[in-house]
1. Of everything in the stretch A:257-271, what is in a helix (DSSP H, G or I) and modelled with pLDDT of 95 or more? Give them in sequence order.
2. Let me spell it out: the conditions are (1) away from chain B (no Cβ under 14 Å); (2) closer than 27 Å to A:ILE155 by Cβ; (3) without any contact (Cβ under 8 Å) to a residue 40 or more places away in the chain, and A:ALA378 meets all of them except one. Which number is the exception?
3. From the list A:ARG357, A:ARG369, which one is farther than 18 Å from A:ASP270 by Cβ, part of a helix (DSSP H, G or I) and either touching a residue at least 40 places away in the same chain (Cβ under 8 Å) or of a type outside the set (S, T, N, Q) (or both)?
4. So which residues in the stretch A:15-44 are assigned to a loop (DSSP other than H, G, I, E, B) and more than 16 Å from A:MET290 (Cβ to Cβ), if there are any at all?
5. How about the stretch A:372-382: which of its residues are exposed (fewer than 14 other Cβ atoms within 10 Å of the Cβ) and either in contact with a helix residue (DSSP H, G or I) (Cβ under 8 Å, 6 or more places away or on another chain) or not in a loop (DSSP other than H, G, I, E, B) (or both)?
6. Which one of these does A:TRP367 not meet: (1) under 17 Å from A:ALA143 (Cα atoms); (2) surrounded by fewer than 21 Cβ atoms within 10 Å (Cβ to Cβ)?
7. Please enumerate the residues belonging to the stretch A:330-349 that are surrounded by fewer than 22 Cβ atoms within 10 Å (Cβ to Cβ) and either more than 15 Å from A:SER286 (Cβ to Cβ) or out of contact with any Asp or Glu (no Cβ under 9 Å at 6 or more places or on another chain) (or both).
Amino acid sequence: MTDLTPVTHWDTDFDVLDPGYVADPFTVWDELRATCPVAHTDRRGSTWLPTRYHDVVDLAHDIEHFSSAEITVIPFTGERPDEPVLQYGLPPISADPPLHTWTRRLLLPWFSHRRVEGYEPMTRRLCAELVDGFIGDGSADAARDYAQQIPVRVIAAILGVPSSMSDTFTGWVRDVLEFADDPVRRRRGIEGLIGFFIAEVARRKTDPGDDLLSDLLHSEFDGAVVEDSVVLGVAALVLIAGVDTTWSAIGSSLWHLATHPGDRERLATDPDVMTLAVEEFLRAYSPVTMARVVTGDVEFGGCPMRAGDKVLMNFPAANRDPDAFAEPDRVILDRELNRHVAFGSGIHRCAGSNLARMELRVALEEWLRRIPTFRLAADEQVTWAGGQVRGPRHLAVEFP
Amino acid sequence: MRIRVDPDRCEGHARCYGLAPELFDVDDYGLSTAVGDGTVPPGLEDRARLAIANCPEFAVEEID
């Protein structure tokens, strides 16, 4: 369980939930890349941490040796015998082929470019309403009052579940991702999510709607209707993956703009730079670090990896690798050479990447249109969540 | 200038389509292909180069 001893040796004893790492992982990655590019720890089980772009990409493509059966440092379910368990996990993210392949094909059309264009007006309206709610105050918590409110409502609409439950969904997702070290919160999140989707699935059997959940329930694979437990896993994944990650990216981007007036002014006055700027924010502040599990003893980068070890797919560190990006620690809004892997690499490329990009762009456009000038509030602490999903959780800004 | 998307490498990031929608088609599963025979219309060469430079899978390439 939780080892709260502060980390002193990042190469042999790292902990991605260490408060120092959560606050500033960048200097840790820089040091590791130069001294020990694939670090190791025995905390929470034997786990490896690559920090170089090409290592992370190579690992992501080697699905034979690195399985997606376990994607979190702290297991999602099944840690205790009395916990509810999703029989198929959260496919496709926690699946290998063949389950990965066909569940992903069920999901992808819902997040295609064409579909995502259809979600844009709703997203824009939502962002404008949120700004209406605090613009008169001259200050806001840009993470809690804005970023956190956007993706959960969009994903609820796509799934066909009530957006009035957004705060509950956000609570469950934070319980399983951000507070997984707390057994009470973790269990509350798991039971909440699984119980909710069991009821929603049962309801749709007799009363299907025009939504992703109904579509999944009435899909077929290999001539048979898709099993309920697969649908449950896919639906829970869509909610979990669609909430915390994009909210974190929106929050980090607003933090950057609040602390870099030159970039803020440029983006507010030159909308043509937005497409490249969104990619640059995704590169510099990539929120997501998934895990893999080693399928059989293998040597990688000179490291003796054993079956059952975990490997953290450190996409955020890859995106700061000076061998892959010029001046990686500088945000260059119109960076032209940017093969960032914020959405992963290989067959597990984020299925919702088109949606996340649209949400990030629209959230920034709507904020800057109404609030082109803002800065961090004086005397207020910015707090960050980290570990496997990094982003600001409290971001007080003022716009007098 | 002619470009193509290597179907064995493309994983559907759709970065090329996002940067140069005039030059690529993208299907419901995210897989991209170059429009027509991949010939880049005059004036769009910079966009094509941007698409090549931003593909995380190195799937977009100049063929001649």
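The values are calculated or read from the model by the stated rules, or taken from the named source; none is laboratory data. Because the structure is a prediction, the values reported are computed rather than measured. Positions of Cβ are generated from backbone atoms using ideal geometry, with glycine treated the same way; all protein chains shown enter the neighbour counts.
1. If the condition is that a residue be in a helix (DSSP H, G or I) and modelled with pLDDT of 95 or more, then A:LEU257, A:ALA258, A:THR259, A:PRO261, A:GLY262, A:ASP263, A:ARG264, A:GLU265, A:ARG266, A:LEU267, A:ALA268, A:THR269 are the ones that fit.
2. (2)
3. A:ARG357
4. Once the filter is applied, which keeps residues that are assigned to a loop (DSSP other than H, G, I, E, B) and more than 16 Å from A:MET290 (Cβ to Cβ), the stretch A:15-44 yields A:ASP15, A:ASP18, A:ASP24, A:CYS36, A:PRO37, A:ASP42, A:ARG43.
5. A:THR373 - this is the single residue of the stretch A:372-382 that is exposed (fewer than 14 other Cβ atoms within 10 Å of the Cβ) and either in contact with a helix residue (DSSP H, G or I) (Cβ under 8 Å, 6 or more places away or on another chain) or not in a loop (DSSP other than H, G, I, E, B) (or both).
6. Unmet for A:TRP367, out of (1) under 17 Å from A:ALA143 (Cα atoms); (2) surrounded by fewer than 21 Cβ atoms within 10 Å (Cβ to Cβ): (2).
7. Correct list: A:ARG330, A:ILE332, A:LEU333, A:ASP334, A:GLU336, A:LEU337, A:GLY346, A:ILE347.
Residue-wise test of (1) outside any helix (DSSP H, G or I); (2) more than 19 Å from the chain's Cα centre (by Cα).
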residue: A:ILE158; (1), (2): no, no
residue: A:ASP181; (1), (2): yes, no
residue: A:ARG187; (1), (2): no, yes
residue: A:ILE190; (1), (2): no, no
residue: A:GLY195; (1), (2): no, yes
residue: A:ASP210; (1), (2): yes, yes
residue: A:ASP215; (1), (2): no, yes
residue: A:SER253; (1), (2): no, no
